[in-house]
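The values are calculated or read from the model by the stated rules, or taken from the named source; none is laboratory data. Note that the structure is a prediction, hence the values are computed from the model and not measured. In this analysis, Cβ positions are derived from the backbone assuming ideal geometry, glycine residues included, and neighbour counts consider all displayed protein chains. Only protein heavy atoms, including side chains, enter the accessible area calculation; ligands, DNA and RNA are left aside. Shrake-Rupley method; radii C 1.70, N 1.55, O 1.52, S 1.80 Å.
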Amino acid sequence: MNKQVWIDTDLSVGMERENRPGYCDVDDGYAILQLMKADNVDIVGMSSVFGNTPLKNAHPLCEMMNTEFANGEIPTYRGGGEKIDLSNVQSNAAVDALAEALKNQKLIIMAIGPATNVGLLLLKYPELKDQIEEVVLVAGRRTAQSNFAIGNKGRNAGDANFDKDVASFEVIFQNGVPVTLAPFEISNKVWLTQKDLDTLAKSGDAGNQWIAKESQNWLQQWLDQGAEGFNPFDVLASHYIISPEDIISEELNARMEIHPNDTVDDPNHFKHYLLCDKSPGYPVKYCYDVAGGYHEKLMRSLMLKS
């Protein structure tokens, strides 16, 4: 039987940033295309969430990918537009639809943006937590000093999905839902370059041609930071779902701690960190490396026809 998967995403491929110059992440597009092409996955639904870009941008992109690359066969729902407000917890169309789906079957949830919709689900429908087979999240690190270095010019990125809704992660852990983390540690070992974009552009597949074109500005930003390509963060989550044998992981425990913010030059600025090690905490599967020949396997999966 195929794996039954719900995609929750802050899809932002090709979007210009709203709060500073530059372009948004493209890796969620790769993850969704990879799942669309996988012959062992059924995508039960797709929900949008704020994150890389506001919900007003993320949701239309979800609808576009569904229409253009999945023949409109994936039910698509608008989700949370801001982090959970614990003083006023409100559901949304995506959360209610996910709840209905979970009443009928167990699901793997690939949450590759802030975990807001999953957290809201567990707050509003706690009786459904045992229907969640696994939540795959792109977040976490081993230590507060495990910086997310982008290129070689001294720029550190934040643990964006976690940083933007810390409470949602805490809700997931407190409900004891099985969690797999695909953090920067593993995605930093996978690179896509101009050569890869050229290969995708020439594949004859509409989804590949679109993602290759829309990735050019994102790639250039990484090149400007001294890198030779970019890390396709979210695709490690989708690849884990499709072929877990290609992903090397270990059982760790996760906890939240407050430390100085490594993304700003201000000794008075602190933030939460999601740290994973053998100390007491919430049990997680922590993905940290890829199997031999991974790049070839990744490209092969993307070159499949949707």
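The set of residues from segment 44-74 being more than 22 Å from S91 (Cα to Cα) and part of a helix (DSSP H, G or I) comprises M64, M65, N66, T67, E68, F69. Selection over segment 262-306 of residues that are open to solvent by less than 70 Å² (accessible area, probe 1.4 Å), assigned to a loop (DSSP other than H, G, I, E, B) and in contact (Cβ under 8 Å) with a residue 24 or more places away in the chain gives a count of 5. N19 satisfies every condition listed in (1) surrounded by fewer than 18 Cβ atoms within 10 Å (Cβ to Cβ); (2) within 15 Å of A160 (Cβ to Cβ); (3) in contact with a Phe, Trp or Tyr (Cβ under 7 Å, 6 or more places away or on another chain) except (3).
Considering (1) more than 28 Å from E296 (Cβ to Cβ); (2) surrounded by 22 or more Cβ atoms within 10 Å (Cβ to Cβ); (3) of a type in the set (A, V, I, L, M), the lone condition that A111 does not fulfil carries the number (1). Condition (residue is in a loop (DSSP other than H, G, I, E, B) and open to solvent by 50 Å² or more (accessible area, probe 1.4 Å)) applied to segment 167-183: is it met by at least one residue? Yes: one or more hits. Picking from residues in segment 253-306 that are of a type in the set (S, T, N, Q) and within 30 Å of D196 (Cα to Cα), the one that is nearest to the chain's Cα centre (by Cα) is S301. Taking the criterion of being open to solvent by less than 30 Å² (accessible area, probe 1.4 Å), at pLDDT 95 or above and outside any loop (DSSP other than H, G, I, E, B), would at least one residue in segment 84-94 satisfy it? For segment 84-94, residues open to solvent by less than 30 Å² (accessible area, probe 1.4 Å), at pLDDT 95 or above and outside any loop (DSSP other than H, G, I, E, B): present. Restricted to helices (runs of 4 or more DSSP H) entirely inside segment 195-246, no element has at least 2 residues that are over 20 Å from the mean Cα position of the chain (by Cα) and among the aromatic types (F, W, Y).
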